[in-house]
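Read the structure below first, then the notes.
The values are calculated or read from the model by the stated rules, or taken from the named source; none is laboratory data. As the structure is a computational prediction, the values presented were derived from the model and not from experiment. A quick note on method: Cβ atoms are made from the backbone with ideal geometry, for glycine too, and the neighbour counts reach across all protein chains shown. What goes into the accessible areas is simple: the full protein's heavy atoms, side chains included, and nothing from ligands, DNA or RNA. Shrake-Rupley method; radii C 1.70, N 1.55, O 1.52, S 1.80 Å.
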Amino acid sequence: MTQAPTVDLHRPKVEYFNVDELTNIDPKGFVRSVERYHVEPWGLYMARTSDHPEFHYIESWLLPKLSLRATVFHFTPAHLRDQDFYVDIGEFGQVEPTKWKSVDHYLDLVVRTGREVELLDVDELLAAHAAGYLDLDQAQRAVAIATSTIDGIARHGHDFEAWLGTHGIKLSWL
């Protein structure tokens, strides 16, 4: 009999983004310096360096109305990945005039422009729900957002930014 893979069970990852202080408090509580924030009516952009072994820079857009966080990782040459966008599903929004919050709801999408969208971490979502970290409504909402986002991107030729354009969103990156 084969053994089922183990799931990394953890509470939802929470981050804070302080626009005035140019800081980002990551899910482990580390305060990171941010090089640039940019606020649009539909979201918050953040760009900062990273000390992660696989990537040296990160750019993210929090998109509250879509319940998405779109990220471009700048990978090191030894850890290049076949992906254009990494999209988190969750709750993202402004909690104070210059402070934003991100609560990850486990499901992620890897977008390969013009080719495909891959859904990740369904096992984590189910385990988190079973452990009581997300209630049924939150888990169902995460699935609904992920599937409608996959469908929308696919309908636009697997072009994430083209799909965002139908929502009046134009992302800018470094």
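Structural remarks
- Each other residue within a Cβ distance under 13 Å of Glu96 adds +1 if Lys or Arg and -1 if Asp or Glu, for a net charge of 0.
- With the highest mean first, a sort of the peptides 68-77, 84-93, 133-142 on other beta-carbon atoms found within 10 angstrom per residue produces 84-93, 68-77, 133-142.
- The chain - mean residue ellipticity at 222 nm from DSSP helices (-39,500 (n - 2.57) per run, n ≥ 4, rounded to 500): -6000 deg cm²/dmol
- Multiplying the residue separation of Asp159 and Glu35 by 0.36 nm and subtracting their alpha-carbon distance yields 41.9 nm.
- Spin-label proximity, Lys13 to the stretch 68-84 - amide N less than 18 Å from point 7 Å beyond Cα toward beta carbon: 68-76, 79-84
- Table column - 3J(HN,Hα) (Hz), the stretch 6-17, Karplus curve with 6.51, -1.76, 1.60, x for Gly and Pro: 7, 9, 6, 6, 8, 5, x, 6, 10, 10, 10, 10
- Shape of the stretch 102-174, Cα gyration tensor, a/c cut at 1.5: prolate
- Derived scalar couplings between HN and Hα for the stretch 104-110 equal 7, 10, 6, 6, 10, 10, 10 Hz in order, rounded to whole Hz, by the Karplus curve 6.51 cos²θ - 1.76 cosθ + 1.60 (θ = phi - 60°), x for Gly and Pro.
- Cα gyration tensor shape of the chain, rounded if a/c is under 1.5, else prolate or oblate by comparing a/b with b/c: rounded
- Anisotropy class of the stretch 15-115 from Cα gyration tensor, a/c 1.5 cut: oblate
- Accessible surface of the stretch 52-127, 1.4 Å probe, proportion on carbon and sulfur as whole %: 53
- The calculated FRET efficiency for Tyr57 paired with Asp137, based on their beta-carbon distance and R0 = 22 Å, is about 0.05.
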